[in-house]
Amino acid sequence: RRIGHYAYLKPGLGISGGNLERDLATVIQLSTINETNAEVVKSCIADSAYRKDWVFRKLCETILSSRTTTNLALLGLAYKEGTSSIKNSAAIALLTMLATSDRYHRITVYDPIVKIEDTSIENVLSAETALQACQDALVLAVMTLWPEFRLITPNEIASVMKGKLVIDPYGLFDSDECAIAGMRHLSLGRPPVPW
């Protein structure tokens, strides 16, 4: 059930499963021992690191470079849907990067299972629902593909946000629907839709 039309694999924010990262590191070690070429594996690891920073780079390009304070909403803390694990979580990595920046960010997060109190991240607010997390936010970042997030419409999000930017690496929301709702939608690997 991991291949074909059952496959759960989809474009995302780099390698998040610890097993695959470990296996790739093992391939590189074996390559060194046996004096073989592992450049394709090294490229995969480098691309994964580049993708993990994608949301942060988009935040910097669009809003963080011009504001000293920003209200951000994050949907999802777990490294993938259906788990409570935050190991290798793109959301935790993003929160860590934001915490070390020299600007103040008011961040509200919502995850159906993981609570911010279960992490070592400080100065982040927790919401009871996804829409509550979006309340008054200038930017929404979708960090985990929880099924319940698919039930929210761009119109509902636009009605509670102050800003109009949705950073959605997984393409959870439809870009055209976001544009109709008056929001700018950025999705990994897709050109931005004019708004």
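See the values below:
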| quantity | calculated |
| --- | --- |
| Flag if Leu59 is at pLDDT 90 or above, part of a helix (DSSP H, G or I), under 30 Å from Ile121 (Cβ atoms) and open to solvent by less than 70 Å² (accessible area, probe 1.4 Å) | yes |
| Positions within the range 83-94 being among the β-branched types (Val, Ile, Thr) and surrounded by fewer than 16 Cβ atoms within 10 Å (Cβ to Cβ), in sequence order | Thr83 |
| Failed item, numbered, when Lys80 is tested on (1) of a type outside the set (A, V, I, L, M, F, W, C); (2) under 21 Å from Ala127 (Cα atoms); (3) open to solvent by less than 50 Å² (accessible area, probe 1.4 Å); (4) in contact with a Leu (Cβ under 9 Å, 6 or more places away or on another chain) | (3) |
| Of the criteria (1) more than 25 Å from Ile15 (Cβ to Cβ); (2) at pLDDT below 95, which one Tyr170 fails | (1) |
| Set Ala158, Ala133: member being out of contact with any Ser or Thr (no Cβ under 9 Å at 6 or more places or on another chain) and at negative phi | Ala158 |
| Filter pass, Leu74 being in contact with a Leu (Cβ under 9 Å, 6 or more places away or on another chain) and not in a helix (DSSP H, G or I) | yes |
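This table checks each residue for (1) open to solvent by 50 Å² or more (accessible area, probe 1.4 Å); (2) within 20 Å of Glu122 (Cβ to Cβ); (3) modelled with pLDDT of 90 or more.
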residue: Gln29; (1), (2), (3): yes, no, yes
residue: Asn34; (1), (2), (3): yes, no, yes
residue: Cys44; (1), (2), (3): yes, no, no
residue: Ala49; (1), (2), (3): yes, no, no
residue: Leu64; (1), (2), (3): no, yes, no
residue: Arg67; (1), (2), (3): yes, no, no
residue: Thr96; (1), (2), (3): yes, yes, yes
residue: Thr100; (1), (2), (3): yes, yes, no
residue: Arg103; (1), (2), (3): yes, yes, no
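The values are calculated or read from the model by the stated rules, or taken from the named source; none is laboratory data. On a predicted model such as this, the values are computed, not experimentally measured, just so you know. All Cβ positions, even for glycine, are placed from backbone atoms using ideal geometry, and neighbour counts span all protein chains on display. Accessible surface is based on the protein model in full, side chains and every heavy atom, while ligands, DNA and RNA are left aside. Shrake-Rupley method; radii C 1.70, N 1.55, O 1.52, S 1.80 Å.
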